[in-house]
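Here's the structure, in structure tokens; my notes come after.
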Protein chains: 2
Amino acid sequence: MTQDILTNESAAVDVAALGEQLLGRWADIRRRAREIAGDPKIQRIDGQSMDEHRQRVFTQLSDLVDAGSVHRAFPVALGGEDNHAGSIASFEELVTADPSLQIKAGVQWGLFGSAVLHLGTEEHHAKWLPGIMNLEIPGAFAMTEIGHGSDVASIGTMATYDASAQEFVIHTPFKAAWKEYLGNAAIHGKACVLFAQLISNGVNRGVHAFYVPLRDENGFLPGIGGADDGLKGGLNGIDNGQLHFTHVRIPRTNLLNRYGDVAPDGTYTSPIHSPGRRFFTMLGTLVQGRVSLDGAAVAASKVALQIAVTYANQRRQFNASSPTAEEVLLDYQRHQRRLITRLATTYASGFAHEELLAKFDGVFSGETDTDADRQDLETLAAALKPLSTWHALDTLQECREACGGAGFMAENRFTSLRADLDVYATFEGDNNILLQLVGKRLLTDYGQEFRKLNAGVLARYVVHHAEKVALNRSGLRQLAQTAADTGSERRSANVLKDPQTQHELLTDRVGSMVSEIADALRAVQGRSQSEQAAAFNEHQQELIDAARAHGELLLWESFTRALDEVADQGTRTVLTWLRDVYGLGLLEKNIGWYLMNGRLSMQRGRTLSSYINRLLARLRPHAQDLVDAFGYGPEHLRAPLATGGENERQAEAMEYYRRLRASTDAPLDEKIMVAREKAAKRAAKSK
Amino acid sequence: MTQDILTNESAAVDVAALGEQLLGRWADIRRRAREIAGDPKIQRIDGQSMDEHRQRVFTQLSDLVDAGSVHRAFPVALGGEDNHAGSIASFEELVTADPSLQIKAGVQWGLFGSAVLHLGTEEHHAKWLPGIMNLEIPGAFAMTEIGHGSDVASIGTMATYDASAQEFVIHTPFKAAWKEYLGNAAIHGKACVLFAQLISNGVNRGVHAFYVPLRDENGFLPGIGGADDGLKGGLNGIDNGQLHFTHVRIPRTNLLNRYGDVAPDGTYTSPIHSPGRRFFTMLGTLVQGRVSLDGAAVAASKVALQIAVTYANQRRQFNASSPTAEEVLLDYQRHQRRLITRLATTYASGFAHEELLAKFDGVFSGETDTDADRQDLETLAAALKPLSTWHALDTLQECREACGGAGFMAENRFTSLRADLDVYATFEGDNNILLQLVGKRLLTDYGQEFRKLNAGVLARYVVHHAEKVALNRSGLRQLAQTAADTGSERRSANVLKDPQTQHELLTDRVGSMVSEIADALRAVQGRSQSEQAAAFNEHQQELIDAARAHGELLLWESFTRALDEVADQGTRTVLTWLRDVYGLGLLEKNIGWYLMNGRLSMQRGRTLSSYINRLLARLRPHAQDLVDAFGYGPEHLRAPLATGGENERQAEAMEYYRRLRASTDAPLDEKIMVAREKAAKRAAKSK
């Protein structure tokens, strides 16, 4: 490991090379997207009214069409590039221009267009994709209802097939079945992909997708109504709204029939026999939303940290260590704790996102598109999206506070980015529900590993490791032996910074948590549904904790793999410290678990926090390089507090005081005067 | 303890009586303030432009004058009531109408008016207070500068006395000394209380306050300029702005001279000889801002929880335990963890705030107004304000997410309250800096306790306890003895729910952390300033952690004292569980410390989380009562999602499905059909 070779002094970050690595496999596309996002024309104007903002974003969508930046995912035959991952990389970068634009573009091309592409067949593609691509048909993705968001299978909207007319009758049977929170629904949507229960010949075939025209130049088509959701906590450039349908008739062929079709006589056929598997296959296209939110959240965290670290490197307050010069904020330990730990997590999230995008590319390009691959992709996205979106909110807030009142000014970006990204935590899959899905998958894999011995791909991430760790438990036991810890604090810390040790500790925790829950649930197998549900509920908090721990382990692994890609030794040294801050930070956060389960000794546990503090101090001189490597320019940051004004003001003030001290006019500080008077009195007395 | 007498079944909350207790000593004033806050005329209209919102809030200030609700803190002789704590209680409740109104009123009467009242003398009162009270003189509180916020002593604005003209010359020597973020500065302010370095006869007497006219009907007076801060992350009903002064002359008598005066010849006199003590005395009036932010933050947390718990008691999603009925959100363990733990902290914060307000009343009414009292009040406010403001942000966000997409709609209040309260974490004292102040005070008290043996009042909270605990360490040791824990999990939990045990564990942690830091700092005593500063910085994170732990202990103590005031046994039982959730939650959060320092055994530690989960399930049926006791009506909550629409929609949907099942038209679910077909095939085969 290079950190053993290089001394701290010689470690330096090659910012350009690191920046290139961070741009990743789709670097050229990201560069182009950043160029577009750097254009004021497609950036947000703070303080616009909701109506102005909505109109501006809608116009910007056309700019994106003109810039050729939103068709990558569509078929080559229709003017696209069949490049799904590249398309997502491009979308993600839009978040620096305006999250409303990112999400509105995501609704149009990533959800609405994508549903036609992936759930429809060639006839549908030819008929509607050109208009969707060039924005002649702005559309909504009508899945969520007032009554059902996370539980899509239970939506109430019905599409009943009428064989006599060869039409589907779309109907909203009650208020809770109104479609809700749909982008493009309130104003701009001319059509939608509607999700409804398909009923034909008296059988409910479950949720299917239909292409439904919504509006012509006169407004809603007959039988269709809706409402405007109005003002939201953020993303007010998007016209979210509600839709309802009263016996609206659409042609039979408007069923997007890739995974399920209805013949003229009403006969239902599907290439997927199991209704459950069919449902999840159709919902599978949703994964790209989660992938792109993950990437956008990482981008927002990077922007926030690039602003806040830059400011923390300039701003001074209080003169603890010298009578005249004030401290730079980032020299305070607390400030390092606040910003550099989050920088470590952001790096981990960024590397993990790059791997997620590669996995997504494998599946959507068809290169590695087995059922198992799709399931792994979904679990991976479900594990990463909650962590990165929550991390972005936490980072934006901490950066905001770390910049004080200046951080609260809209012009400095934190507050509006935070307001917009707030909903990333619950849309495209509620974070808690996604983590629960991950937890269920871990339980399934755990069962498979030990019962059928045919572990899935994802199981490698955890259960396989857990098994290895179990075999190797003696190593962990050593970590836990107080008797073996009689050495120095430094030696204790050395053991913890060994990546193999970090990995085993992180992996063992996930494996142990999962196996404990599995054991508890196994005890109620075969009991009634309600008893099993109650038992599951009693472990819900633990299961979500385990899923989070699993996600954190994945981030650690991605970060560690990325270290191998770093050519420059100095950069690798610094990034290894940063990885250690991330990994040891996870141990510190969960130190209670490690102690209670005998995985770490008390002595070793006690060294953790101070060792992390020392790592932070060691990273501090490199913090600016590490945020500069994110590569966002002033056109993306657009935060006056990070553009040098602070330095100029300080220089002016310091020059003023320097001259004043040099002049004869300088007022005497009362405290000094009082001290002199006292000294004079003492002198007089002693005479 | 009643929880041993009552069974879970018989425990019930007397909502009316508990509500009365929560209203506290200033119940009548709070009731009147809530009545005013319930008037749509003074409530926020979402989606207004910044200009409209600013104008509306300014008009609302007059409404508050007309309602007679903002003069309580002023002298009886001038139409006030000399009721400082009552005045704050009233201000706090305004947060439910619009935080912008609360803070703008706070600027006008709580900061600007209050500075004239507390730093000025009778002549100033007679001259300016009537106009300040009736809003003829809207004014700013010009303390913070671009270059210095937390470090007020270092501000750059100068007030140089010119004896020949008997005037002060107010001057801004450089850009960093521009006054910044001042409410009322951008538009409405006609005057300000300005903080500047007072220089007379060549001596800088430190920061003093001056009354400075700003604008007449034609705008800024000669020599005065400024800028509008424009859009902020929230509180956009307030016209924050910058001010600068170029050799602006004001009469000598505009010095607010209660704590320092300049005679016509320039001779400076002050009743407080020490410049340091004088500075902190003048800044002492700032404490009321911190007190009222603490109360407002608690109020906002209550509003958020009353909305989110009501929704969680109605909203259903997923049918885990039955084929037809969906679960109510609050029945999910994870949802209980998210909301009821925060409910416990909110109760703790509310009880602690009531005690803070009583302490404030003692000092500001003059009843218990010694130097020690003032210092204790300041430390108490500095400990509580960070905890409650961060808790409010956390609670608003968790409630927002717990309500999903509906929580993101502006009409449901969470997002706009969160945006407005964001800055509460850094203004009127940055939370981290306040906690550092508390930490320093703890260190001082620690030193006094052990060296001089004359502990201050606040020391009682911690060091005294720590001493007792130290004497009684054997009890704690028992808690830590694994050997003694061979009993059941239930018995382990029983020990932890003993309030004496909780108190000792919480107190011991604070005391131990403080003494460890003190020992480390003692080692560098006598070294150079920079070495001492470096050593202090190496323990900054720990010191802030200790201060936070101290604040949490104070909350626990207030909650526990409040239990004694509960007359109804059922209510006391439920509240005792809630206090245990708070107290044990603190142990759970810091379980690593308790284990590493041998205060809890691993076995006992392992019982903690599951015991808390059981407590949450026990509290779950009382959650609605506990939020209803906050007493906010629909006119304060104003959140459609909590007003029963959810129940109505569900009833309609359930009725629809009930009828459908009863009819002959009900479509057959494909899953059931598939199952029947399989059964039929098996039957055919076996024939």
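The values are calculated or read from the model by the stated rules, or taken from the named source; none is laboratory data. Just so we're clear, the structure is a prediction, and the values are computed from it rather than from any experiment. Note that each Cβ is placed from the backbone with ideal geometry, even for glycine, and that neighbours are counted across all protein chains shown. All accessible areas refer to the heavy atoms of the entire protein, side chains included, with ligands and DNA or RNA removed. Shrake-Rupley method; radii C 1.70, N 1.55, O 1.52, S 1.80 Å.
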Based on the Cβ-Cβ distance from residue A:682 to residue B:122, what FRET efficiency comes out when R0 is 41 Å, to the nearest 0.05? 0.55
Positive end of the charge dipole of the range B:644-686 (Lys, Arg +1 and Asp, Glu -1 on Cβ, about the Cα centre): tell me which of B:660, B:650, B:673 has its Cα farthest that way. B:673
Between helix B:371-402 and chain B: long-axis angle, C-alpha atoms, 0 to 90°, nearest 10: 40
Check each residue of the range B:637-677 and keep those whose accessible area, probe 1.4 Å, is at least 20 Å² smaller with all protein chains in place than in the chain alone; give them in order of residue number. B:649, B:652, B:653, B:656, B:657, B:667, B:668, B:670, B:671, B:673, B:674
Whichever lysines have a C-alpha closer than 29 Å to that of residue B:685, once near sequence neighbours (fewer than 8 apart) are set aside: B:671
Along Cα-to-Cβ, 7 Å out, sits the label point; list in nm, shortest first, how far the one on residue B:523 is from those in the other copies. 4.7
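Using the heavy atoms of the protein chains alone and a 1.4 angstrom probe, what is the accessible area of the protein assembly as shown per residue in square angstrom?
About 37 Å² of surface per residue is accessible.
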Copies compared at residue A:218 - label distances in nm, ascending, label defined 7 Å from Cα in the Cβ direction: 6.2
In terms of the Cα gyration tensor, with a ≥ b ≥ c the square roots of its eigenvalues, is the range B:644-686 rounded because a/c is under 1.5, prolate because a/b exceeds b/c, or oblate? prolate
Could you state how much accessible area is buried at the A-B interface, both sides summed, with a 1.4 Å probe, in Å² to the nearest 100? 8400
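With +1 on each Lys and Arg Cβ and -1 on each Asp and Glu Cβ, and nothing else charged, work out how big the dipole of the protein assembly as shown is about its Cα centre, in Debye to the nearest 20.
That gives a dipole near 2980 debye.
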Would you mind telling me the share, in percent, of accessible area of the protein assembly as shown contributed by carbon and sulfur at probe 1.4 angstrom? 51
Residues of the range B:45-86 buried by at least 20 Å² on assembly (accessible area, 1.4 Å probe, chain alone as reference): B:47
Note, ³J(HN,Hα) from phi for the range A:660-675, Karplus 6.51, -1.76, 1.60, rounded to Hz, x at Gly and Pro: 4, 4, 6, 8, 8, 7, 3, x, 7, 6, 4, 4, 5, 4, 4, 4
Would you tally the net charge around residue B:655, using a Cβ to Cβ cut-off of less than 14 Å, leaving residue B:655 out, and scoring K and R as +1, D and E as -1? +3
So for the protein assembly as shown, taking the charge dipole from beta-carbon charges (+1 Lys/Arg, -1 Asp/Glu), which of A:621, B:203, B:395 sits furthest toward the positive end? A:621
Treating only the Cβ of Lys, Arg, Asp and Glu as charged (+1, +1, -1, -1), what charge dipole size does chain A show about its Cα centre? Round to the nearest 20 debye. 2540
How many Cβ atoms of partner chains, on average, are near each residue of A:194-206 if near means within 10 Å of its Cβ? 3
For a quick check: with amide H placed at 1.01 Å from N, whose amide H comes under 5 Å from residue B:184's, ignoring anything fewer than 5 positions away on the same chain? B:239, B:240
Under the 7 Å Cα-to-Cβ spin-label approximation, residue B:669 and residue A:247 lie apart by a distance in nanometres of 2.8
Near the amide H of residue A:215, under 5 Å away, which other amide H atoms are found, from residues 5 or more places off or on another chain, if H is placed in the peptide plane? A:191, A:221
Interchain or sequence-distant (5+) residues whose placed amide H lies within less than 5 Å of the amide H of residue A:668 are B:203, B:204
Over 32 Å between alpha carbons, listed pairs A:232/A:385; B:41/B:232; A:385/B:302; A:359/B:678: A:359/B:678
With label points built 7 Å along Cα→Cβ from the Cα atoms of residue B:322 and residue B:166, find their separation and express it in nm. 8.6
Mean separation of Cα contacts under 8 Å, 6 or more apart, over the residue count of the range B:153-244: relative contact order %: 32
Classify the protein assembly as shown as rounded, prolate or oblate from the Cα gyration tensor: take a ≥ b ≥ c as the square roots of its eigenvalues, call it rounded if a/c is under 1.5, otherwise prolate when a/b beats b/c and oblate if not. prolate
In what order, largest first, do B:114, B:322 sit by accessible area if the probe radius is 1.4 Å? B:322, B:114
With +1 at each Lys and Arg Cβ and -1 at each Asp and Glu Cβ, the charge dipole magnitude of the range A:285-628 around its Cα centre, to the nearest 20 debye, comes out at 1080
Share, in percent, of DSSP beta bridges within the protein assembly as shown that are antiparallel, nearest 5: 80
Along the charge dipole of the protein assembly as shown, Cβ charges K/R +1 and D/E -1, which of B:443, A:601, B:328 sits furthest on the positive end? A:601
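Explain nothing, just the number: relative contact order of chain B, from Cα pairs under 8 Å at least 6 residues apart, as a whole percent.
Here the relative contact order equals 15 percent.
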Could you state how much accessible area residue B:399 has, in square angstrom rounded to the nearest 10, with a 1.4 Å probe and all protein chains kept in place? 0
Run the helix sum for the protein assembly as shown: -39,500 (n - 2.57) per DSSP H stretch of 4+ residues, divided by residue count, reported at 222 nm to the nearest 500 deg cm²/dmol. -18000 deg cm²/dmol
The range A:364-451: Cα Rg divided by the 2.2 N^0.38 Å rule of thumb: 1.49
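Could you put B:408, A:364 in order of accessible surface area, largest first, with the 1.4 Å probe and the full protein assembly present?
So, going from the largest accessible area down, we get A:364, B:408.
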Pairs of alpha-carbon atoms within less than 8 angstrom and 6+ residues apart define the contacts here; what relative contact order does the range B:568-625 have, in percent? 44
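Determine the shielding of peptide B:390-396 by partner chains: average, over its residues, the number of Cβ atoms on other chains within 10 angstrom of each Cβ.
1
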Output row for residue A:561: copy-to-copy label distances, label 7 Å along Cα→C-beta, ascending, in nanometres, one decimal, is 5.7
Just which residues of the range A:409-447 lose 40 Å² or more accessible area with every protein chain there, against their chain alone, with the probe set to 1.4 Å? A:409, A:410, A:418, A:422, A:423, A:426, A:432
Counting only other chains, what is the mean number of Cβ atoms within 10 angstrom of the Cβ of each residue in peptide B:534-542? 6
What nm value, rounded to one decimal, do you get for the distance between residue B:494 and residue A:519 when each label is placed 7 Å out toward the C-beta? 2.6
